[in-house]
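Have a look at the structure below before the remarks.
FYI, it's all coordinate maths here, none of it is from the lab. Bear in mind the structure is a predicted one, so any value in this text is a computation, not a measurement. Here Cβ is always computed from backbone atoms with ideal geometry, including for glycine, and neighbour counts include all displayed protein chains.
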């Protein structure tokens, strides 16, 4: 009898030890943050260790890619009917819920439209096509399972006005697609050098005066300057306004002789070189033909600017030049 009781007691001790060794089930606990897929928020999205009711839907999810909050009290009230015992909210006052998505950047859509315009309407390289939509185009959020890229399903373009209408076929889910209708204007452009500030005639162009911009090809001529380096150090041939695309005909070499400058007139012929003082009647760059008043003869002659303050006259020596000093 005593032996039987001893065995029974030993069995109870062993059972108790086994029970202590087996971990107790985790209590349900409210999450501080949750990321969901699809349009429904389930209990298991908001509560850890929700057990068999984890897949029960209780709230509507935010929009694709959006984030919202759910007060802890609202979660407790929503799960009450499912008899979730011992829900621990801890210090969580609200749950931040984000709906997962895949982003299709607005730039990708713009590039698809430009590619279609280049292919169907021969507008030139895609990089030269500028597209403006009638309404602001933002990134599009689709389901994370959405596979594939946007495709142009329909495109119409008026070359005279630059107006276009386009319909894009977008992936929206694992097997679903949707249509996006857009309109706007597009133009083939080219890079041109434009002026940052107005310039007076004769002003020399510096790097700070110039910027490269894209302009519609239809608005620019063939003689536009496309490289800043070609304009640097050149002078304005006429008065130029800010924002004006530069043309090669707008530029000249900087004037090294100004109007009314005192200059040295050089009369030159084979074996003879004579110099006399003169006054420039017009300005000119090196290589330009300008008029100069010979102060000794009081006559105006035409000569070529050969340097600052120097004008060359290649002609027969005039009678009046017989007494002019010979230059070395």
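Each of 286, 229 has some number of other Cβ atoms within 10 Å of its Cβ, and from fewest to most they run 229, 286. At full extension, residue 134 and residue 76 could sit 16.2 nm farther apart than now, given 0.36 nm per residue minus the alpha carbon distance. Between residue 103 and residue 66, the contour length at 0.36 nm per residue exceeds the alpha carbon distance by 12.2 nm. Label separation (residue 160 vs residue 314): 5.5 nm, computed from points 7 Å beyond Cα along the C-beta direction. Of the beta bridges in the chain, as assigned by DSSP with both residues counted there, near 85 percent are antiparallel.
Fewest neighbouring Cβ atoms within 10 Å first, the residues 266, 228 line up as 228, 266.
Of all DSSP beta bridges confined to the range 29-100, the antiparallel ones make up roughly 65%.
Mind giving me the FRET efficiency for residue 272 and residue 214? R0 is 45 Å, r the Cβ-Cβ distance, nearest 0.05 is fine. In this case the efficiency is close to 0.20.
Comparing the range 101-252 with the 2.2 N^0.38 Å rule of thumb, its C-alpha radius of gyration ratio is 1.38 (two decimals).
In terms of surrounding Cβ atoms within a 10 Å radius of their Cβ, 164, 157 rank from fewest to most as 157, 164. Projected onto their three principal axes, the Cα atoms of the range 256-323 cover extents of 29, 23, 14 Å, largest first.
Under the criterion of Cα pairs below 8 Å and six or more residues apart, the relative contact order for the chain equals 9 percent.
Compared with the direct C-alpha span, the chain from residue 197 to residue 49 gains 46.4 nm at full extension, assuming 0.36 nm per residue.
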